1. I want to confirm something. Restricting to segment 277-295 and keeping residues that are over 13 Å from the mean Cα position of the chain (by Cα) and not in a helix (DSSP H, G or I), which single residue is surrounded by the most Cβ atoms within 10 Å (Cβ to Cβ)?
2. Criterion first (modelled with pLDDT of 85 or more, in a helix (DSSP H, G or I) and surrounded by fewer than 20 Cβ atoms within 10 Å (Cβ to Cβ)) does Asp194 satisfy it?
3. What tally of residues in segment 321-337 results from selecting those that are more than 22 Å from the chain's Cα centre (by Cα), in a helix (DSSP H, G or I) and aliphatic (A, V, I, L, M)?
4. May I ask you to verify whether Gly185 is touching a Cys at 6+ places or on another chain (Cβ under 9 Å), of a type in the set (Gly, Ala, Ser) and not in a loop (DSSP other than H, G, I, E, B)?
5. Quick one: which of Leu287, Leu296, Leu300, Leu226 is closer than 20 Å to Ile175 by Cβ and at pLDDT 85 or above?
6. I'm trying to understand the selection: among the residues of segment 276-334, which are without any contact (Cβ under 8 Å) to a residue 60 or more places away in the chain, over 22 Å from Gly159 (Cβ atoms) and touching a helix residue (DSSP H, G or I) at 6+ places or on another chain (Cβ under 6 Å)?
7. Within segment 254-275, which residues are touching a residue at least 60 places away in the same chain (Cβ under 8 Å) and not β-branched (Val, Ile, Thr)?
8. Of these, Thr163, Thr219, which one is surrounded by 20 or more Cβ atoms within 10 Å (Cβ to Cβ) and of a type outside the set (Asp, Glu)?
Amino acid sequence: MTDVGGATATGDGIARRRRRRWLRGTALAAGFLAAGTLACGWVLYARLSGNITPDEAAAAELARYERERPTALVRGAQNILVIGSDTRAGDGNRRYGKDLGTERSDTTILLHLAADRRSATAVSLPRDLMVHVPGCLRGDGRRSEPRFTLLNSAFEVGGSACTIRTVEKLTDIRIDHHVVLDFSGFKDMVDSIDGVQVCLKQPINDKAAKLRLPAGRVTLDGEQALGYVRARKSLGNGSDTERMERQQQFLGALANKVQGSDVLLNPAKLYPLLDAATSALTTDPELASLRGLYQLVRGLRNIPTEHVQFLTVPREPYVYDSNRDQLVEDRADALFALLRADKPVPVTKDSAGSGEKDAPSSGNSPAPGFRGNTAAEDSCA
């Protein structure tokens, strides 16, 4: 009996030792797995953060002119200037034209985020708008002379800092952040979410943009999306007005796709989007990291799509050249005042591609809503 009991006791001890070894091994494996996961997460985080180019030169130039810049009036409200660069430099962009060593802002959008993060208003500024461009630091180290010229030439003269100073003088709105997006990055962003659906009222056959599409609902891949938002002379009436309307409609559809799908909750889809987006961005230093971008966009997740508005600054043909634009002063001033004060901007549905320009308000009657669209609107409806 003693031998049997002793054998049993010995067997129990062996079993306990085996269990302890197994538990230690499991804990060690779990530790290695956790460490590996953290290391992998850190590598991905570092890679995405490293993709973003900080615009140090613009920050230094803006600091030089800090005293003349507007003062932010509402704590928490944010104004971001989004600039679409038409640079042909780099392998991904050369197919869109010859690299002439200069670049202009093909697209300029002032994005206002309300302090309560319950609404957002994106205002397109026409590239052909006549504005006062201040003296700016050129790429060759010299300073340009102030001049009255096209808005998109500010980017060519002095890059993002010159564009920001020009827009601030035009609107008296403090620009808190800026983002410059290039061609190839835009395409990759669209492809990373498997395309974006738009509604075409007429078929498109544009050789210059290499775009051939049927009428109706169409899902555009990155290459098609780029042609769609950039094409000008061969689509519609050939005006920059219609191109801005297409850009606004596409951005609304893009916002719907990202918010309405599982992109934000699916790492397999979110990472390619973040990789494409960060690789395409040049931003002010404060935004030039995943943490900086996250702090900016985390409040956007709760903005209802019907509260994301797109409109074009009120403008009319320039008095000395009908191919250029000038502000409709009273209407534009009213819009800028609402944005400065972080007050709601009344938007009435645009006449969908009419190409009409704004007229000044008459007398002392209340100004009507600004023509535009919301991200929630279906252009096929």
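The values are calculated or read from the model by the stated rules, or taken from the named source; none is laboratory data. Model, not experiment: these values are computed from the prediction. Cβ placement follows ideal geometry from the backbone for every residue including glycine, while neighbour counts extend to all protein chains displayed.
1. This residue is Asp284.
2. Numbers: modelled with pLDDT of 85 or more: yes; in a helix (DSSP H, G or I): no; surrounded by fewer than 20 Cβ atoms within 10 Å (Cβ to Cβ): yes.
For Asp194, the condition - modelled with pLDDT of 85 or more, in a helix (DSSP H, G or I) and surrounded by fewer than 20 Cβ atoms within 10 Å (Cβ to Cβ) - is not met.
3. Keep residues of segment 321-337 that are more than 22 Å from the chain's Cα centre (by Cα), which gives 321-334, 337.
If we keep only those that are in a helix (DSSP H, G or I) as well, we get 329-334, 337.
Among the residues that remain, those that are also aliphatic (A, V, I, L, M) are: 332, 334, 337.
The qualifying residues number 3.
4. Values: touching a Cys at 6+ places or on another chain (Cβ under 9 Å): no; of a type in the set (Gly, Ala, Ser): yes; not in a loop (DSSP other than H, G, I, E, B): yes.
Taking the combined requirement at face value, the residue does not satisfy it.
5. Working: Leu296 fails: at pLDDT 85 or above; Leu300 fails: at pLDDT 85 or above; Leu226 fails: closer than 20 Å to Ile175 by Cβ.
The match here is Leu287.
6. Result: Pro314, single match.
7. Looking only at segment 254-275, we keep the residues that are touching a residue at least 60 places away in the same chain (Cβ under 8 Å), and these are 254-258, 261, 263, 269, 271-275.
If the condition is that a residue be touching a residue at least 60 places away in the same chain (Cβ under 8 Å) and not β-branched (Val, Ile, Thr), then Leu254, Ala255, Asn256, Lys257, Ser261, Lys269, Tyr271, Pro272, Leu273, Leu274, Asp275 are the ones that fit.
8. Details: Thr219 fails: surrounded by 20 or more Cβ atoms within 10 Å (Cβ to Cβ).
Going through Thr163, Thr219 in turn, just one is surrounded by 20 or more Cβ atoms within 10 Å (Cβ to Cβ) and of a type outside the set (Asp, Glu): Thr163.
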